[in-house]
Structures are given as C-alpha cells and as structure tokens.
Amino acid sequence: MNEQKKLDEARYFYSQMLAEYEDRQKFTFNLSAFLSSARSVLQYGLEEAKTVVGWQQWYDTYIAANSILAFFKSKRDINVHDEPIRPVKHVDIVLTETIGLSDSVHVIRSDASGNELPEPPTEKSAPPATKRKSAPPPSATIKYRFDDWTGPEDIIELSSIYIDALQSFIEAGIKSGFLRG
C-alpha cells in the first residue's frame, strides 16, 4: 500500500542527486537517502504481503532474478549497517588543440615526349591567410560509480534502472494479487 509513496520519495532523492551532482558531499547525502527510500519499496511490499500464501517465494524469486534489485539491496544494507556509502568519482578531462597545416603543390609541365618545359614567369604572391579555428575549451566530465559494479553504467544510470525495476516490482505484485499498490 505504501510502496508507491516510497518510490515517489526515491524519485525525489534521485532528482536531488541530479541537481547536486557537482557537489560530492550533497550528491552522496542524496544517494544515501535514495538508497533508503528505494529499499523501503521492497520492505513495505514484504510487510504488506507476508500473510499471503506464496508471497515469500514469489518475492525471493523476483529479487533473485533481478540483478539491479539485489545489488541495490546490498548497497543500502552496507550503507545502513556497515559504513556510509562512498561512490567513486571518475573525472574525464578532454583537452583539444587545433593545429594549422599548410601545403604547397609544385606543377611540372612537360611536352608530348615527356620533356620538362620551363615554368612560365609568374608573380610570386603570399599564400592566402587562413583563419585558425580556435580549439574548444577544455572540458571535464564527472561520473560517480560503485566500485563493485562491473557494468559500464554510472550511479545515475543504475539508479534510473533501479527506479524502473521498483516500478515493475509494484506492478507485478499488484497483478499477482500480492500488493494493493
């Protein structure tokens, strides 16, 4: 019954993670709150349906079959019971340099027999001035990751996937008759 409310709360903390992405401390605080509220979705579901025959088996199978649900359950448990969560911060820095290139072509004229003909007199002119494009400014991209997640997703991507998985959990529980929603 309270699963959707806790999922809405998790979505709120997810939005705060996005808003405070540049500030590591605020990001981590919001991640911690996100982990707790998102985990509560499953805990409320477990509590609500524990008297329904078959629920525990369905719940255990559902969680075990979804690596994201199991992973985040573990992250929240560590965050609450062992030590505060410490996401790994990756910073990718891109530096670009523009290099100006010039080239010249020397044309050799020849007659039908292949004999080289003298070059006609030409006026020497300075090569045309070329405008150099300025290089884009250096940029840095910050990504927070869980050090024990083996996939390419960062915490933001994983959290979005987790939210979707929790929504699916609620919908599957309602459809199966274990949850009221």
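The numbers here are math on the coordinates, done by the rules we state, and not lab data. Here the structure is a predicted model, which is why all the values come from computation and not from measurement.
General remarks:
- When each of LYS6/LYS50; LYS26/LYS143; LYS6/LYS89; LYS5/LYS89; LYS5/LYS26 is checked by Cα-Cα distance, pairs over 20 Å: LYS6/LYS89; LYS5/LYS89; LYS5/LYS26
- The stretch between ASP23 and ASP147, if pulled fully straight at 0.36 nm per residue, gains 42.7 nm over its current Cα-Cα span.
- Shape of segment 1-103 from the C-alpha gyration tensor: prolate (a/c of 1.5 or more and a/b above b/c, with a ≥ b ≥ c the square roots of its eigenvalues).
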